[in-house]
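S.K.: Submitted below is the structure of interest, expressed as structure tokens.
The values are calculated or read from the model by the stated rules, or taken from the named source; none is laboratory data. Quick caveat, the model's predicted, so the values are computed rather than measured. Here the Cβ positions follow ideal geometry from the backbone for every residue, glycine too, while neighbour counts run over all protein chains shown.
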Amino acid sequence: MDTPETLESFLHGKVRVLIGDITAQQVDAIVNAANSTLLGGGGVDGAIHRKGGPEILEQCRELRRLQFPDGLPTGEVVITGGGLLAARHVIHTVGPICRLGGAPDAAGLASCYRKSLELAAQHGLRSIAFPAISTGVYAYPREQAAVVASETIAAVLHRLAGIAEVRLVFYDPEDAAIFLRNHKFTTT
């Protein structure tokens, strides 16, 4: 069981920033920073597929076969069961890739957070845990990602009453520190 200490909380305790393993979070849903194939990969995506077991992969294959034969587009979301994970569900989203010399796709990243929260609410889920979407091998600047994530989460939670807890789970303490220095959550 992973019960990491909260580094900081926002929006009257509704949003918590933690260092830990997203695959061990006991929440209704964890968000997978997936690649468009939905078939696993490295980083968070690989860890979720490894620890969640074959049930998640089978559901992703069905989603590809029935709905997304060309892969899940950037900023879109789908939901599967959680397999062997502590979370009951996995919400898969594809974050934008930052190309060398190109401007980060803030709208695409915001869509990942917004649509994940909306999908959770549609399914009656009350707690959700996010990794730092696109900030690993997809190279989204972590400082800018903190701004997009915090602004988007705050805006969505303002209009969605059903989500009671949002965890922002960082595997690396330095990534959490960068987020905490750059977020745009307010105290109101």
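S.K.: Pick out the one residue from Ile48, Ile128, Ile79 that is part of a helix (DSSP H, G or I) and over 21 Å from Glu174 (Cα atoms). Don't jump to the end; show me each part of the working.
M.R.: On the way: Ile128 fails: part of a helix (DSSP H, G or I); Ile79 fails: part of a helix (DSSP H, G or I).
The unique qualifying residue is Ile48.
S.K.: Test Gly82 against the stated conditions and say whether it is surrounded by 19 or more Cβ atoms within 10 Å (Cβ to Cβ), more than 20 Å from Ser134 (Cα to Cα) and touching a helix residue (DSSP H, G or I) at 6+ places or on another chain (Cβ under 7 Å).
M.R.: Numbers: surrounded by 19 or more Cβ atoms within 10 Å (Cβ to Cβ): yes; more than 20 Å from Ser134 (Cα to Cα): yes; touching a helix residue (DSSP H, G or I) at 6+ places or on another chain (Cβ under 7 Å): yes.
When the stated conditions are applied, Gly82 passes them.
S.K.: Here's another thing I want to ask about it. From the list Ala155, Ala149, pick out the single residue that is under 18 Å from Gly108 (Cβ atoms), surrounded by fewer than 16 Cβ atoms within 10 Å (Cβ to Cβ) and in contact with a helix residue (DSSP H, G or I) (Cβ under 9 Å, 6 or more places away or on another chain).
M.R.: Values: Ala149 fails: surrounded by fewer than 16 Cβ atoms within 10 Å (Cβ to Cβ).
Just a single option satisfies the conditions, and that option is Ala155.
S.K.: Of the conditions (1) surrounded by 18 or more Cβ atoms within 10 Å (Cβ to Cβ); (2) of a type outside the set (Lys, Arg); (3) at pLDDT 95 or above, Pro54 satisfies every one except a single condition; which number is it?
M.R.: Just one mismatch for Pro54, condition (1).
S.K.: I've got another one for you. Any idea which of (1) crowded, with 21+ Cβ neighbours inside 10 Å; (2) within 15 Å of Val78 (Cα to Cα); (3) polar (S, T, N, Q) is the one Thr135 doesn't satisfy?
M.R.: (2)
S.K.: Taking only the range 86-101 into account, find how many residues are surrounded by 24 or more Cβ atoms within 10 Å (Cβ to Cβ), in a loop (DSSP other than H, G, I, E, B) and aliphatic (A, V, I, L, M).
M.R.: The number of residues fulfilling the criteria is 1.
S.K.: Now, a different point. Identify the residue in the range 38-77 that is of a type in the set (A, V, I, L, M) and more than 25 Å from Ile19 (Cα to Cα) and, among all such residues, is farthest from the chain's Cα centre (by Cα). Spell out how you get there, then give the answer.
M.R.: In the first step, residues of the range 38-77 are kept if they are of a type in the set (A, V, I, L, M); the result is 38-39, 44, 47-48, 56-57, 63, 66, 72, 77.
From the residues that got through so far, the ones that are more than 25 Å from Ile19 (Cα to Cα) too are 38-39, 57, 63, 66, 72.
Values: Leu38: 14, Leu39: 17, Leu57: 18, Leu63: 19, Leu66: 24, Leu72: 15 Å.
Across the range 38-77, the extreme among qualifying residues is Leu66.
S.K.: Would you pick out the residues in the range 117-160 that are more than 27 Å from Leu100 (Cα to Cα) and among the polar types (S, T, N, Q)?
M.R.: Scanning the range 117-160 gives Gln122, Ser127.
S.K.: Select from the range 65-111 the residues that are among the hydrophobic types (A, V, I, L, M, F, W, C), free of Cβ contacts under 8 Å to residues at least 60 places away in the same chain and under 20 Å from Arg50 (Cβ atoms) and list them in ascending order.
M.R.: Step one: filter the range 65-111 for residues among the hydrophobic types (A, V, I, L, M, F, W, C), giving 66, 68, 72, 77-79, 84-87, 90-91, 94, 97-98, 100, 103, 106-107, 109-110.
Then keep just the ones that are free of Cβ contacts under 8 Å to residues at least 60 places away in the same chain; that gives 66, 68, 72, 77-79, 84, 97-98, 100, 103, 106-107, 109-110.
Hits for the range 65-111 are Leu72, Val78, Ile79, Leu84.
S.K.: Here is a further query. Tell me which of these Ser134 doesn't satisfy, since it passes every other one: (1) assigned to a helix (DSSP H, G or I); (2) in contact with a Cys (Cβ under 9 Å, 6 or more places away or on another chain); (3) of a type outside the set (D, E, K, R).
M.R.: (1)
S.K.: Would you check which residues across the range 11-45 are surrounded by fewer than 21 Cβ atoms within 10 Å (Cβ to Cβ) and over 20 Å from Asp172 (Cβ atoms) and list them?
M.R.: Leu11, His12, Gly13, Lys14, Gln26, Ser36, Thr37, Leu39, Gly40
S.K.: When you go through (1) within 19 Å of Cys112 (Cα to Cα); (2) touching a residue at least 24 places away in the same chain (Cβ under 8 Å) one by one for Asp45, which number turns out not to apply?
M.R.: With (1) within 19 Å of Cys112 (Cα to Cα); (2) touching a residue at least 24 places away in the same chain (Cβ under 8 Å) applied to Asp45, the lone miss is (2).
S.K.: For Arg126, which of the numbered conditions (1) crowded, with 19+ Cβ neighbours inside 10 Å; (2) under 26 Å from Gly81 (Cα atoms) fails to hold?
M.R.: With (1) crowded, with 19+ Cβ neighbours inside 10 Å; (2) under 26 Å from Gly81 (Cα atoms) applied to Arg126, the lone miss is (1).
S.K.: For the range 10-44, give me the residue count where each residue is part of a helix (DSSP H, G or I) and either modelled with pLDDT under 95 or within 19 Å of Ala110 (Cα to Cα) (or both). Can you show your working first?
M.R.: Looking only at the range 10-44, we keep the residues that are part of a helix (DSSP H, G or I), and these are 22-24, 43-44.
In the following step, the residues that additionally are either modelled with pLDDT under 95 or within 19 Å of Ala110 (Cα to Cα) (or both) were identified as 43-44.
Counting residues in the range 10-44 that are part of a helix (DSSP H, G or I) and either modelled with pLDDT under 95 or within 19 Å of Ala110 (Cα to Cα) (or both) gives 2.
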